[in-house]
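Here the structure is laid out as structure tokens; the discussion comes afterwards.
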Amino acid sequence: MVFKVVASLAGLVKVRLLHTEIDNLIFRLHYRWSASYCFLACALVAASDYIGGAIQCVDGSGGKVPDAVNTYCWIKSTYTINDTISGYHYGLGTQDKDHVRVEHAYYQWVPFVLFLQGCLFYLPHLVWKMFEGKTADKLLQGLQFNSMDESRDEKKKNIIKYLHISAGHNGRYSVIYMACELLNFVNVIGQMFLLDKFFGGIFMTFGSKVMEFALEDEYERSDPMVMAFPRMTKCDFHTFGPSGTLQLKDALCVLPQNILNEKVFITMWFWFVLLASITALQVVWRVVVAVSPIVRVRLLEVRGKISASPSLEMGIRHLHLGDYFLIDILGRNLDAFNFKDILLGVTGASEDKHSYKQYYENDDDDDPISLKRQMEREEENTTAV
């Protein structure tokens, strides 16, 4: 069963060679890699029979308890106390008024939470995909798969014509995408708080405590993974004696599933910290691109591998943000030559033979900034004449 689930998840992370890209790498880290990790972890945790059963309890004599006790302790939850036996098993011992009892009821809900997390990671992509409606794919007309198509000139004319007609009306295209990028960031932060609440306030500092544990003295440290996901816990089971008196049976329960749970969630903690950091940087970068025309000019120059003249640069600066974003999406899927022609046609600079220069026109002058300055001087000389 697990292998079938893994095979089905491969579709999320496989490389798609014939696929129109409508997002960036950081966006894909959320809905491909993070969602796949959560779904895979869900399948592994749910298949508890592969690691010896979800829970196994024994009585005070060390004998196996009836199956009803195992079921009861699994449903009702088990607990630990802030004490140890001979300094080895955390959370076991005789409870008195000085001990704090910690209930552990999360383990039966772990597969459901992991599945929910996977769905939440996929949600922003689903929203963006539904709104985008294959706009870029339809516009490209297959040009992204065959840059030497015999009808490429006609296809480029169709793209330019559409961009002229829709100029100034693509604002929602960029706004929805940026909102989905922000939703990715909110989602990963929100999931960290969700898990912190789910595990009783231990997840936010889980990874940092594990790192501190690795650096502490071997004889003075307490394993935070054992404290968060105890392998052995206690369970109270009440029965009635021959005379009807209520009797308490104290059972010791082993939770093999927590061996897997600790690995899943410590990996998730480090991944969430990394993912939240790079997503935050991406959101900041998106804001910079949105408010800075000069940055947009430089990005399109890189996509087309050209250095724009002042006239082409002015045309790019005058593009509406939504139009720029749609052109940028097209540039992600096209080679530099075809993208350059579309960019020149959209900005109206195609009629100007001095509107651009290639980055690598010769070996001695391949810097785009110096090329731009040279073009400005040439344009000034032409005007003077």
From the options Arg298, Arg332, Arg373, Arg317, residue that is at pLDDT 90 or above and farther than 23 Å from Ile176 by Cα: Arg298
Candidates Val175, Val188, filtered to the one that is surrounded by fewer than 16 Cβ atoms within 10 Å (Cβ to Cβ), under 28 Å from the mean Cα position of the chain (by Cα) and assigned to a helix (DSSP H, G or I): Val175
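Please work out which residue is nearest to the chain's Cα centre (by Cα), limiting yourself to segment 138-157 and to residues that are assigned to a helix (DSSP H, G or I) and either among the small types (Gly, Ala, Ser) or surrounded by fewer than 16 Cβ atoms within 10 Å (Cβ to Cβ) (or both). Explain how you work it out, then say what you get.
Within segment 138-157, the subset assigned to a helix (DSSP H, G or I) is 138-140, 152-157.
Imposing the further condition that a residue be either among the small types (Gly, Ala, Ser) or surrounded by fewer than 16 Cβ atoms within 10 Å (Cβ to Cβ) (or both) reduces the set to 138, 153-154, 157.
Values: Lys138: 27, Asp153: 38, Glu154: 39, Lys157: 37 Å.
Step by step, filter segment 138-157, then rank; the result is Lys138.
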Answer yes if at least one residue in segment 27-47 is modelled with pLDDT under 90 and aromatic (Phe, Trp, Tyr), and no otherwise. no
List the residue pairs whose Cβ atoms are under 6 Å apart, where the first residue sits in segment 284-310 and is within 15 Å of Gly322 (Cα to Cα) and free of Cβ contacts under 8 Å to residues at least 12 places away in the same chain, the second is of a type outside the set (Ser, Thr, Tyr) and part of a strand (DSSP E or B), and the two are 6 or more positions apart or on different chains. none
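Does Leu163 satisfy the criteria of being over 14 Å from Val283 (Cα atoms) and part of a helix (DSSP H, G or I)?
Answer is yes for this residue.
Based on what the data block shows, is Ala308 hydrophobic (A, V, I, L, M, F, W, C), touching a strand residue (DSSP E or B) at 6+ places or on another chain (Cβ under 7 Å) and surrounded by 15 or more Cβ atoms within 10 Å (Cβ to Cβ)? Please lay out each step first, then the result.
Details: hydrophobic (A, V, I, L, M, F, W, C): yes; touching a strand residue (DSSP E or B) at 6+ places or on another chain (Cβ under 7 Å): yes; surrounded by 15 or more Cβ atoms within 10 Å (Cβ to Cβ): yes.
Yes; evaluated as a whole, the condition is true for this residue.
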Going through segment 1-26 in order, the residues found to be within 19 Å of the chain's Cα centre (by Cα) and either of a type in the set (Val, Ile, Thr) or modelled with pLDDT of 65 or more (or both) are Val6, Val13, Val15, Glu21, Ile22, Asp23, Asn24, Leu25, Ile26
Please indicate, with yes or no, whether at least one residue in segment 121-136 is farther than 30 Å from Ser208 by Cβ and touching a Ser or Thr at 6+ places or on another chain (Cβ under 9 Å). yes
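The values are calculated or read from the model by the stated rules, or taken from the named source; none is laboratory data. Since this is a predicted model, take the numbers as computed values, not measurements. Heads up, the Cβs are rebuilt from the backbone with ideal geometry, glycines too, and the neighbour counts pull from every protein chain shown.
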